[in-house]
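A quick write-up on the structure given underneath.
The values are calculated or read from the model by the stated rules, or taken from the named source; none is laboratory data. Owing to the predicted nature of the structure, the values given are computational and were not obtained by experimental measurement. In this analysis, Cβ positions are derived from the backbone assuming ideal geometry, glycine residues included, and neighbour counts consider all displayed protein chains. Accessible surface is based on the protein model in full, side chains and every heavy atom, while ligands, DNA and RNA are left aside. Shrake-Rupley method; radii C 1.70, N 1.55, O 1.52, S 1.80 Å.
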Amino acid sequence: MAPIPATMKAIQVSKTGGIDVLDYKDVPVPTPKEGQVLVKNEFAGVNFIDTYFRSGLYKLNLPVILGSEAAGQVVSHHKDVTAFPPGTRVVYMDSQAYAQYTAVPASKLIAIPAGLTTEQAAAAFLQGLTAWTFIREAGNVQPGQWALVHAAAGGVGQLLVQMLKSLGAKVIGTASTQEKCDLAKKLGAEWTVNSKDDVVARVNEITGGHGVDAIFDGVGKATFDADLQMIALKGHLVSFGNASGPVPDFSILRLSDKNVTLLRPKVHGYVSERKDLEKYSAELFDKIISGQVKIAIHDIYPLKEVGRAHSDLESRKTKGKLLLSVE
Ligand code: NDP
């Protein structure tokens, strides 16, 4: 194994704003503290949440290295850690992943099984755990129920569509272009609606007036009101992101019209206990290895071109996962 250098390349943010605040710079390689392992990252995932931290929608203490997940190889440990020997291929969700090396608590690492490449693991992890835990724990989707996925050709969206389909749900996908709708259909959305059309009216027609039993909405501001109109009696509305901006304040009384269960989950809340992280990761990897769920990588960008990746993601140009190559 190559010696660990003193400095590394990383993407640091010292003030919040547009893509110009993403600094590609040399910083010290972190030293693993108690309970931590040093991972040499190969691929870091680009997630919409990274843009919220960059823009200041979500707060962080600055300066900070951005990034929320990566996959690579263990290169060293704090002396108190015995698991994950050097050379183990691992994937994790943790901060400061837009870097060549990240010190990660061993409790957050998952070994990548032999049937998955490091690239696939990086592409699948955060978005896959999000989709799968939200279906299992938030949406409570049952076979035969109506489920609607907004931004169905996006990173989380493509995974939700495939997983819901495999559960036996009747899946409706929304997306902003015909090409994205066609992709969602190919992945298992039996019905698709262009989000520029009258989505509420189309969904009413498709479901024969029943409405949707579970809605998965990472778009936020632009779609929340329609969600309350499309949701079925006793439906589960899972609002989990702000791609179009945060959901504005609203009266809780609006939920009582149809006894709606509204959830605003974070993936970390469903995998904060080690046993849950292991269980859901194993289930996710099984789905990929068995071919039930396909991982689509939109593009792999060099670390220093992270600004282009953020810009592509925010301008709705992408379909599937964006990765940074961190060699
Ligand atoms: P996506 O690949 O889904 O990209 C976002 C998509 O949102 C776009 O492609 C676009 O699809 C749609 N969109 C609608 N309106 C806008 C807008 N005004 N600007 C930009 N995009 C818009 O991203 P991710 O898969 O990374 O994330 C999807 C959502 O899930 C995000 O909101 C993210 O924050 C959230 N998330 C939440 C987690 C949690 O724990 N709560 C964990 C992971 C993700 P189209 O063109 O078809 O409309």
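Structure data summary
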{"read-out": "Unique match (being open to solvent by 30 Å² or more (accessible area, probe 1.4 Å), assigned by the TED database to the domain that holds L303 and modelled with pLDDT of 95 or more) among Y101, Y52, Y92, Y24", "value": "Y24"}
{"read-out": "Check on D276, surrounded by 13 or more Cβ atoms within 10 Å (Cβ to Cβ), within 12 Å of the ligand (Cβ to nearest atom), in a helix (DSSP H, G or I) and assigned by the TED database to the domain that holds G17", "value": "no"}
{"read-out": "Members of segment 288-327 found to be closer than 26 Å to K186 by Cα and among the hydrophobic types (A, V, I, L, M, F, W, C), listed by number", "value": "I288, I289, V293, I295, A296, I297, I300, A309, L313, L322, L323"}
{"read-out": "Segment 29-64, residues that are among the basic types (K, R) and within 13 Å of the ligand (Cβ to nearest atom)", "value": "R54"}
{"read-out": "Residues within segment 300-322 that are within 12 Å of the ligand (Cβ to nearest atom) and part of a strand (DSSP E or B), tallied", "value": "2"}
{"read-out": "Qualifying position, being in contact (Cβ under 8 Å) with a residue 40 or more places away in the chain and within 15 Å of the ligand (Cβ to nearest atom), among V141, V104, V161, V156", "value": "V156"}
{"read-out": "Subset tally (residues that are within 16 Å of the ligand (Cβ to nearest atom) and in contact with a strand residue (DSSP E or B) (Cβ under 9 Å, 6 or more places away or on another chain)) for segment 198-225", "value": "12"}
{"read-out": "Residue check for V293: in contact (Cβ under 8 Å) with a residue 12 or more places away in the chain, in a loop (DSSP other than H, G, I, E, B) and touching a Phe, Trp or Tyr at 6+ places or on another chain (Cβ under 8 Å)", "value": "no"}
{"read-out": "Unmet criterion (only one of (1) surrounded by 19 or more Cβ atoms within 10 Å (Cβ to Cβ); (2) away from the ligand (no atom under 12 Å from the Cβ)) for K186", "value": "(1)"}
{"read-out": "Helices (runs of 4 or more DSSP H) within segment 174-234 that include 2 or more residues over 18 Å from V260 (Cβ atoms), under 20 Å from the mean Cα position of the chain (by Cα) and hydrophobic (A, V, I, L, M, F, W, C)", "value": "178-187"}
{"read-out": "Total residues in segment 301-316, condition more than 19 Å from K25 (Cβ to Cβ), touching a Ser or Thr at 6+ places or on another chain (Cβ under 9 Å) and either surrounded by fewer than 16 Cβ atoms within 10 Å (Cβ to Cβ) or of a type in the set (D, E) (or both)", "value": "2"}
{"read-out": "Those residues of segment 122-173 which are on the phi > 0 side of the Ramachandran plot and at pLDDT 95 or above, in sequence order", "value": "G144, A151, G168"}
{"read-out": "Single condition A151 does not satisfy, out of (1) crowded, with 24+ Cβ neighbours inside 10 Å; (2) touching a Pro at 6+ places or on another chain (Cβ under 9 Å); (3) over 16 Å from P32 (Cα atoms); (4) not polar (S, T, N, Q)", "value": "(2)"}
{"read-out": "Matching residues, segment 164-173, being part of a helix (DSSP H, G or I) and either under 21 Å from A243 (Cβ atoms) or in contact with a strand residue (DSSP E or B) (Cβ under 8 Å, 6 or more places away or on another chain) (or both)", "value": "L164, K165"}
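Every residue, every condition in (1) closer than 21 Å to V267 by Cα; (2) aliphatic (A, V, I, L, M), yes or no:
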residue: V193; (1), (2): no, yes
residue: A201; (1), (2): no, yes
residue: T223; (1), (2): yes, no
residue: Q229; (1), (2): no, no
residue: A243; (1), (2): yes, yes
residue: D249; (1), (2): no, no
residue: R254; (1), (2): no, no
